[in-house]
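This report concerns only the one structure given below.
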Amino acid sequence: MALMSGVVYIVGAGPGDPELLTIKAARLLSEADVILYDRLAPPGALSYARRDARLVDVGKAPGGKGWTQDEINSEMARWAVAGMKVVRLKGGDPLVFGRGEEECSYLLARNIRCDIVPGVSSATGVPSCAGIPLASRWGSSTFAVATGRTAQGPPATGLGEIAGRVDTLVIMMPLSNLRNIADELTTAVGPDTPAALVRNGCTGSQSVIEATIYEIPSKAAGLSPPAILVVGAGAALRRRLAHPARAP
């Protein structure tokens, strides 16, 4: 069976700074008939869109408000079946806890062409913007990336075991489960283990909280996403690079 005439590009927009867009992402945005975006995509990225392009905010918010994933899938398919060039714009990289594989699988199962366009992952880009080296000859030779919550809602498990095997652990989406994460890591690697919580990474409103893993939950109380937690040697090495102008 032949593919539909339309096409969907699932595009990674990077972690916040629109200048971190790839050249390919900027080109596809400038060519797209329809752009589906959400709150994690850098707002400045939409400046590349054609003046006559249709912009659809398909944002989802913590707590389940906004568009559901099923609705987003249907919206992508609707425009592609109509023969449009569609960009599904996502923050970071689409295949790093970005649900890009779910969206692409949905389209391919319906015979709709789907291409993945990589982006700078928040898992690495945000720590870099905050001056946190994930791998360094000065003390962090291994790092791992994990999620702080699962798609089904329950907190992620096994973070303590992972932290015990690497020098630096990066935890994405940690805020909704921060107390449990800190308790598990305190038991696994010790209460005095260095940690850094980066909120609104790679933007002008970026902020960093540095503390021990035991102290982080109280210091971050009341904060809202997006945020990334770095635990271990990388967080300790931030003092070598941190300065007031680190955020773009």
Acute angle (nearest 10 degrees) that the helix 178-189 long axis makes with the longest principal axis of the chain, alpha-carbon atoms: 50
Given K24/K60; K60/K90; K60/K219, which pairs have Cα atoms separated by over 18 Å? K24/K60; K60/K219
Go ahead and estimate [θ] at 222 nm for the chain from helices alone: -39,500 (n - 2.57) per DSSP H run with n ≥ 4, summed, over the residue count, rounded to 500. -7000 deg cm²/dmol
Residue span R27 to T68: 0.36 nm per residue of separation minus Cα-Cα distance leaves a gain in nm of 12.0 nm
Report the net charge of residues surrounding A163, where surrounding means a beta-carbon distance below 13 angstrom and charges are Lys +1, Arg +1, Asp -1, Glu -1. -3
I need the phi-derived Karplus couplings for region 118-134: 6.51 cos²θ - 1.76 cosθ + 1.60, θ = phi - 60°, integer Hz, Gly and Pro marked x. x, x, 5, 6, 4, 4, 10, x, 5, x, 4, 5, 8, x, 10, x, 7
Springs between alpha-carbon atoms under 10 Å, Gaussian network over the chain: tell me which of A123, A53, A196 tops the mean-square fluctuations. A53
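Each value in this text was obtained by applying a stated rule to the coordinates, not by laboratory testing. From a predicted model like this one, the values you see are computed outputs, not experimental measurements. Don't worry about glycine lacking a Cβ; one is built from the backbone with ideal geometry, like all the others, and counts go over all protein chains shown.
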